[in-house]
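*Asks:* Would you mind keeping the following structure in view while I ask a few things?
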Amino acid sequence: TTMGFAELGARVIKLENPHTGGDATRSWKLTEEPADTDISAYFSCANWGKESLACDYTTAAGREVAHALVKQADIVVVGFKPGDEYKLELDYETLSKINQKLIYGQITAYGIDDPRPGFDAILQAESGFTFLNGEAHGPPVKMPVALIDLLLAHQLKEGLLVALLKRVQKGTGSLVTTSLFEA
């Protein structure tokens, strides 16, 4: 979703957890990739056009950084386990008080009322996509791309673009939610 906005010319700042080394895909390297670099080709591809900032928003100082960025932001996209956004003071209600025109995109696995985590491959199986793929009379097979992630990204991007149009017309912010399961 956010890479789509970067491709459209938006400045995208990705906040990453400094305690975990940030986005896990940084280390998803093929054996052919140079060992002396700490960023994988996959990470580079999926994060094209984005700036990364280490930010520990479990601390007051980290939340201050996030809130300062929100003051200037048009859109915030979060992907917390439902409920964690409130613990971290990064929920829509809190952030919309900081920036009344904020558009807030929330990604979950199974919806805002279901705290279960989810992963693309699991959702492919649960939704039947793996059954549709593979050889006739063979076992279900995962799609060769992160299909559910991509479907979610496009759906959220469309919702956020509609929210931008609404903001231009009415001057108000919006909450836009979707989940891997809904995608």
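The values are calculated or read from the model by the stated rules, or taken from the named source; none is laboratory data. Computed from a predicted model, the values in this text were never measured in an experiment. Cβ coordinates were reconstructed from backbone atoms using ideal geometry, including for glycine residues, and neighbour counts include every protein chain displayed. Note: accessible area is taken over every heavy atom of the protein model, side chains too, but ligands, DNA and RNA are not part of it. Shrake-Rupley method; radii C 1.70, N 1.55, O 1.52, S 1.80 Å.
*Asks:* So which residues in the stretch 152-183 are open to solvent by 60 Å² or more (accessible area, probe 1.4 Å), of a type in the set (A, V, I, L, M, F, W, C) and over 19 Å from PHE80 (Cβ atoms)?
*Replies:* LEU161, VAL162, LEU165, VAL168
*Asks:* Next up: Anything in the stretch 86-124 that is open to solvent by 30 Å² or more (accessible area, probe 1.4 Å), closer than 18 Å to VAL76 by Cα and either assigned to a loop (DSSP other than H, G, I, E, B) or of a type in the set (Asp, Glu) (or both)? List them, or say none.
*Replies:* Within the stretch 86-124, GLU89, GLU93, GLN100, LYS101, ILE112 meet the criteria.
*Asks:* For the stretch 7-64, what are the residues that are touching a helix residue (DSSP H, G or I) at 6+ places or on another chain (Cβ under 8 Å) and exposed (fewer than 11 other Cβ atoms within 10 Å of the Cβ)?
*Replies:* Of everything in the stretch 7-64, just one residue is touching a helix residue (DSSP H, G or I) at 6+ places or on another chain (Cβ under 8 Å) and exposed (fewer than 11 other Cβ atoms within 10 Å of the Cβ), namely LEU30.
*Asks:* Restricting to the stretch 144-172, name every residue that is closer than 23 Å to GLU7 by Cβ and not in a helix (DSSP H, G or I).
*Replies:* The initial filter retains those residues of the stretch 144-172 that are closer than 23 Å to GLU7 by Cβ, namely 144-168.
Listed by number, the residues that qualify are PRO144, VAL145, ALA146.
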